[in-house]
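Here is the structure we will look at, set down as structure tokens.
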């Protein structure tokens with residue numbers, strides 16, 4: 001249901017002349033178009049027909065090997081055998097639902113949370129409990145209460161530059177969360193697609209590094225290479241979960257595109273990523289700055305918004321009297337689009353009068369103009 | 001369970017020195033390695049970054065356009081909008097399970113049937129009823145009985161060069177099947193990965209062409225281009241099923257690799273397939289002939305086997321006293337591998353003492369040697 005409303009919103013947002021802060025896609029300017037032919041030729045030379053043949057469900061071994069040092073940069077220490085490939089993060093979320101969720105099972109999520117996770121889990125019939133969150137993300141005491149009261153099958157979080165809020169859980173709170181999942185022997189899914197997109201501030205270690213036996217760490221190359229390849233990576237806790245996820249994936253798609261995986265392998269190990277990532281961050285940083293400056297300048301003082309140091313999204317909450325759908329409609333008629341906050345809540349009764357603003361697909365001037373327009377609609 | 005046994009079998013079959021008639025993968029010699037760079041450069045030139053960006057769940061439009069004349073050759077008439085892309089056939093089978101199967105629902109399948117379908121459907125908890133079959137595939141009277149008695153959610157068939165039997169349902173029987181699914185308003189899944197791999201004899205029209213409103217037609221480019229790309233195509237009956245399958249896929253993997261789809265689009269529309277397909281068939285035809293000749297020469301008269309005119313598999317059934325697992329073990333010790341028939345039955349109590357022999361991955365001499373070895377183990 002929410003999925004079709006979102007499709008409708010994104011459709012309206014793609015109308016000609018529209019300034020869309022609604023989407024969540026990387027700017028095509030960040031794709032390394034200039035090196036793709038070279039990468040492709042390396043694949044042909046090195047692996048020949050193997051890069052086009054059926055392959056292991058677990059993932060293309062050279063990619064899993066190349067992922068070892070890559071994940072290590074994000075404080076995830078794993079061997080080749082411990083790293084699995086999924087068809088984007090979405091593929092993993094589906095497999096998790098298939099393996100872990102029986103109808104009526106409880107899944108704990110942030111409030112708000114990533115919509116794609118809800119869409120992946122919903123067909124398996126879970127009920128959701130939401131952890132309370134503040135400007136630093138999920139609150140550990142709320143997590144503990146949920147674990148005690150609801151015994152969820154697993155906890156799902158995006159701790160860094162979260163979609164939709166852009167919030168990052170600070171290190172002390174990560175430690176508290178790690179302690180709690182260890183103490184209650186819970187399984188935490190740490191979905192981490194944005195960690196590489198840090199434009200300022202210091203890296204924060206993964207929760208996986210603090211509780212390796214209780215955390216499944218997932219990431220994707222969609223934001224640092226190209227999303228159309230549909231390549232995700234994940235590291236489950238040791239034990240049987242990884243094998244079960246592989247079995248689920250085998251029934252779902254046999255394996256992820258070998259060609260996509262081979263492209264990713266060369267991109268990671270050939271030094272391409274190292275060269276490209278600073279360019280990507282330098283491309284997005286002025287956009288984030290422009291958005292924050294415009295919010296500070298134009299948005300009324302009774303609104304609150306996140307101050308992300310990276311990622312793709314900013315989250316702005318209005319006072320209770322705000323009618324976000326009226327604002328949404330007015331904004332559309334002024335050719336500015338965003339996604340109303342309601343769609344990011346697993347249980348909509350907890351939702352706020354909020355908006356998700358994407359800043360990766362408009363240049364600084366356009367972002368400033370869009371924010372000015374939104375602010376004038378709020379005030380008048 | 002069966003899935004892990006099969007994995008074990010394929011692992012043993014890949015031991016050095018083993019002649020494997022166990023697998024089901026295309027020969028890498030059939031991949032068009034010589035034109036891949038050209039195809040890739042066309043993609044970059046024509047679509048640029050769009051070939052690496054997020055795309056529609058329904059499928060990359062240029063591929064769906066290119067599929068219109070391609071499918072028409074196999075008597076499937078569909079417009080661009082009626083053709084959808086899946087992540088291999090497997091991706092579609094999973095979506096079908098997700099949308100159509102609630103635990104305990106009945107699915108009607110051939111006996112034996114394609115193992116990958118069972119693996120895709122099983123997580124959704126169906127019960128299976130098997131249609132009786134003979135050397136011409138599923139028997140219409142048995143289908144009718146199943147529809148009356150069991151009201152299955154849908155019927156699943158591989159009518160052409162079936163996996164595992166290699167059997168093709170003749171045109172008259174297809175018409176009877178089409179009449180029955182229309183009469184009982186049933187949904188038939190016509191899974192058709194092998195139709196293009198015809199080495200002799202005449203094409204048989206699809207059942208889809210005889211009952212378009214009751215048949216979902218599915219095929220894949222895995223056998224005529226490269227399986228590692230994971231690109232499947234399907235045409236649902238008009239109505240809501242297509243939209244539901246798209247929704248399921250959106251939660252499962254968002255969309256199939258855009259790069260894979262772009263490769264497939266250029267391959268289909270650029271005249272590459274036309275040139276390549278005869279080479280592929282000429283490559284496999286002598287292998288099929290060698291296998292059939294060796295069977296005729298060496299296999300004992302109380303065995304029966306299919307006489308496929310294409311595809312990748314031959315099916316041989318022994319008399320009831322045959323102990324196929326003992327034969328399997330003996331064959332392994334003589335460095336010949338096959339898959340025992342039991343694994344291809346949805347309900348194993350109906351299984352026969354049979355073997356599936358793949359002939360696409362060994363040259364004619366090797367096939368002859370393997371069959372001679374198997375025959376000597378049967379006789380002695």
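Every number in this text was worked out from the coordinates using simple rules, so none of it is lab data. Computed from a prediction, not measured in an experiment: that's the story for all the values here. Quick reminder, even Gly has a Cβ in these numbers, built from the backbone with ideal geometry, and neighbours come from all protein chains shown.
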Point to revise | Shape parameters for chain A, alpha-carbon atoms, Rg then Dmax in Å | key: 20.4, 63
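Can you give the extra length, in nm with one decimal, that the chain gains between residue B:297 and residue B:81 once fully stretched, where that is 0.36 nm per residue apart less the Cα-Cα distance?
The residue B:297-residue B:81 span can extend by a further 72.7 nm.
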Exercise for review: In nm, give the distance between the simple-model label positions of residue A:365 and residue B:372, each being 7 Å from the Cα along the Cα-to-Cβ direction.
Suggested key: 8.0 nm
Check your understanding: Over segment B:33-270, what is the mean sequence separation of C-alpha contacts under 8 Å (at least six apart), divided by residue count, expressed as relative contact order in percent?
Key -> 28 percent
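For the protein assembly as shown, which semi-axes, largest first and in whole Å, follow from the square roots of 5 times the eigenvalues of its Cα gyration tensor?
48, 26, 26
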**Study point:** Overall dimensions of segment A:102-197 by Cα: Rg and Dmax, Å
**Key:** 12.6, 36
Review point. Considering only DSSP beta bridges with both partners in chain A, what is the antiparallel share in %, to the nearest 5?
Key: 55 percent
Exercise for review: Evaluate the distance, in nm, between pseudo-label points positioned 7 Å from the Cα of residue A:243 and of residue B:243 along their respective Cα→Cβ axes.
Suggested key: 4.4 nm
Point to revise | Antiparallel DSSP beta bridges within the protein assembly as shown, percent to nearest 5 | key: 55 percent
Check your understanding: Just the Cα atoms of segment B:301-380, one point each, no solvent: what log10 I(q)/I(0) does Debye give at q = 0.18, 0.19, 0.21, 0.23 Å⁻¹?
Key -> -0.76, -0.85, -1.05, -1.24
Review point. Restricting to segment A:169-270, what percent of DSSP beta bridges are antiparallel, rounded to 5?
Key: 50 percent
Check your understanding: Shortest first and in nm to one decimal, what separations exist between residue A:304 and its copies in the other chains, measuring from label points 7 Å along the Cα-to-beta-carbon line?
Key -> 7.5
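Computed FRET efficiency, Cβ-Cβ of residue B:282 and residue B:61, R0 30 Å: what is it to the nearest 0.05?
0.35
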Practice item. Compute the FRET efficiency between residue B:72 and residue A:213 as 1/(1 + (r/R0)^6), taking r as their Cβ-Cβ distance and R0 = 41 Å, and round to the nearest 0.05. Key: 0.15
Practice item. Give the share of C-alpha pairs in each 5 angstrom bin for segment B:203-327, from 0 to the last occupied bin, in whole percents, shortest bins first. Key: 2, 8, 12, 14, 14, 14, 12, 10, 8, 5, 1
Exercise for review: State, to one decimal in nm and shortest first, how far the label point of residue A:202 sits from each corresponding label point in the other identical copies (label point: 7 angstrom along Cα-to-Cβ).
Suggested key: 7.9
Study note, to complete from the structure: For the residue B:12, residue A:11 Cβ pair and Förster radius 51 Å, calculated FRET efficiency rounded to 0.05 is 0.50
Check your understanding: Can you give the mean number of other chain Cβ atoms that lie within 10 Å of the Cβ atoms in peptide B:244-251?
Key -> 4
Point to revise | Where labels lie 7 Å past Cα in the beta-carbon direction, separation of residue B:200 and residue A:380 in nm | key: 8.1 nm
Practice item. Would you mind calculating the gained length between residue B:320 and residue B:289 on full extension (0.36 nm times residue separation, minus the Cα-Cα distance), in nm to one decimal? Key: 8.4 nm
Review point. How many times 2.2 N^0.38 Å is the alpha carbon radius of gyration of segment B:1-87?
Key: 1.57
Exercise for review: State the extension gain, in nm to one decimal, for the chain segment bounded by residue B:35 and residue B:275, taking 0.36 nm per residue of separation less the distance between their alpha-carbons.
Suggested key: 85.3 nm
Exercise for review: Along Cα-to-Cβ, 7 Å out, sits the label point; list in nm, shortest first, how far the one on residue B:334 is from those in the other copies.
Suggested key: 8.2
Point to revise | Over segment B:74-144, relative contact order from alpha-carbon pairs under 8 Å, at least 6 apart, % | key: 29 percent
